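Have a look at the structure below, then the notes.
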């Protein structure tokens, strides 16, 4: 199993969501998709969203598009960025407990809505709408988003990511070995094939 | 021409110094080696040395060794890290004005001294010793390290790196296109071959 951590507001996480399944198929190791929140992580690391850092921010904006084009992944820099993604996170884990395959589908649809169609997925209504479009029970999901048990589930997942040393998005852990960044997928693949080095 | 910016105290810069010439040969575009200082850059970006950042620091230490092993580059985490590298920088540019090929040789020797032999190259005496070992006139270099003109030359180079948007090490710029990190050399190579995308 490979843990694939991502934040719904992360451009590199989005790109990873579009290409990680190719890596997964090639190396034959299933991935567990695990959204988390960068906000609580930044509190621990003292870091800030990439685009807010002088110089690095400009570079990052350029690199988001360039990396997306390199992978033939459609990408449009969202009007509102970054955004809070706790509703998307909760929706994902609620669904993941019932149907992990469908949850992955939802994650990809949420990412496309935000990074291709420019939809602000911080709004629970947007998450419900997107879920509905995939045939997911939006009424049950609306209730779940307010359910303390689901809120707690989300919190536990974020804590687990922190405990695992996840400080950025995307982040992969395979056999205890961490890989940060979509640009490290080739290294991860080589690592798995060779059994490390 | 490809500008190759690096800081002498940067492990990824060191690894790049050991592998960038392979890229240079393969793509047939000469590189101009341009050491700079991360200190003044961090003042602008508000960033800190990688290893001082919670979580990211631990990951980085692991990744320095892992990346070095991947490239078959010898690497030992220095006892004192990071260090000030202004003497190394000044020595480089003093020599670069006379003999760029020899300056590159000096850069590689300084890097090896620090990241393989654990020599603290922040000390001018260590820089002189290493230069001497390469047949460089150590007496002339000792004078140059105190020469206001050389100090000014070094300062100008650091300012030029900042003006070019260099915020990390290593950093490459080819035809105005920036690439940050030794792990981005494959992307730089693809970019040059395809003429961008």
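From the list B:24, B:7, B:52, exactly one residue is free of Cβ contacts under 8 Å to residues at least 60 places away in the same chain and in contact with a strand residue (DSSP E or B) (Cβ under 9 Å, 6 or more places away or on another chain). Which is it? Checking each option against the conditions leaves just B:24. For the range B:121-130, a residue qualifies if it is outside any helix (DSSP H, G or I) and surrounded by 15 or more Cβ atoms within 10 Å (Cβ to Cβ), and the qualifying residues are B:121, B:122. In summary, residue A:18 fulfils each of the numbered conditions (1) touching a strand residue (DSSP E or B) at 6+ places or on another chain (Cβ under 8 Å); (2) more than 14 Å from chain B (Cβ to nearest Cβ); (3) surrounded by 17 or more Cβ atoms within 10 Å (Cβ to Cβ) with the single exception of condition (1).
To keep it simple, each residue is scored yes or no on (1) within 14 Å of chain B (Cβ to nearest Cβ); (2) in contact (Cβ under 8 Å) with a residue 24 or more places away in the chain; (3) out of contact with any helix residue (DSSP H, G or I) (no Cβ under 6 Å at 6 or more places or on another chain).
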site: A:135; (1), (2), (3): no, no, yes
site: A:138; (1), (2), (3): no, no, no
site: A:146; (1), (2), (3): no, no, yes
site: A:164; (1), (2), (3): yes, yes, yes
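Within the range B:41-64, which residues are surrounded by fewer than 19 Cβ atoms within 10 Å (Cβ to Cβ), within 12 Å of chain A (Cβ to nearest Cβ) and under 22 Å from residue B:164 (Cα atoms)? Residues satisfying the conditions are B:42, B:43, B:44, B:45, B:46, B:48. For the range A:65-86, indicate whether the set of residues that are within 13 Å of chain B (Cβ to nearest Cβ), closer than 27 Å to residue B:48 by Cβ and outside any loop (DSSP other than H, G, I, E, B) is non-empty. Yes, some residue in the range A:65-86 is within 13 Å of chain B (Cβ to nearest Cβ), closer than 27 Å to residue B:48 by Cβ and outside any loop (DSSP other than H, G, I, E, B).
Of the set (1) within 13 Å of chain A (Cβ to nearest Cβ); (2) without any contact (Cβ under 8 Å) to a residue 60 or more places away in the chain; (3) surrounded by fewer than 14 Cβ atoms within 10 Å (Cβ to Cβ); (4) under 20 Å from residue B:21 (Cβ atoms), all apply to residue B:99 but (1).
Residues are listed down the side, and each one gets a yes or a no for (1) away from chain A (no Cβ under 14 Å); (2) assigned to a helix (DSSP H, G or I); (3) in contact with a strand residue (DSSP E or B) (Cβ under 6 Å, 6 or more places away or on another chain); (4) under 20 Å from residue B:16 (Cα atoms):
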site	(1), (2), (3), (4)
B:113	yes, yes, no, yes
B:117	yes, no, no, yes
B:132	yes, yes, no, no
B:141	yes, yes, no, no
B:157	yes, yes, no, yes
B:173	no, no, yes, yes
B:189	no, yes, no, yes
B:197	no, no, no, no
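Quick check on the range A:171-182: of everything there that is touching a residue at least 60 places away in the same chain (Cβ under 8 Å) and within 15 Å of the chain's Cα centre (by Cα), which residue is farthest from residue A:48 (Cα to Cα)? Let's see the steps before the verdict.
First, pick out the residues of the range A:171-182 that are touching a residue at least 60 places away in the same chain (Cβ under 8 Å): A:171-174, A:181-182.
With within 15 Å of the chain's Cα centre (by Cα) added as a condition, the list becomes A:171-173, A:181-182.
Numbers: A:171: 17, A:172: 21, A:173: 23, A:181: 16, A:182: 19 Å.
Looking at residues that are touching a residue at least 60 places away in the same chain (Cβ under 8 Å) and within 15 Å of the chain's Cα centre (by Cα), I get A:173.
Please tell me if residue B:168 is under 20 Å from the mean Cα position of the chain (by Cα), at pLDDT 95 or above, crowded, with 17+ Cβ neighbours inside 10 Å and not in a helix (DSSP H, G or I). For residue B:168, the condition - under 20 Å from the mean Cα position of the chain (by Cα), at pLDDT 95 or above, crowded, with 17+ Cβ neighbours inside 10 Å and not in a helix (DSSP H, G or I) - is met.
The values are calculated or read from the model by the stated rules, or taken from the named source; none is laboratory data. What you see is a predicted model; the values in this text were computed from it and never measured. FYI the Cβ positions are ideal-geometry reconstructions off the backbone, even for glycines, and counts take in every protein chain you see.
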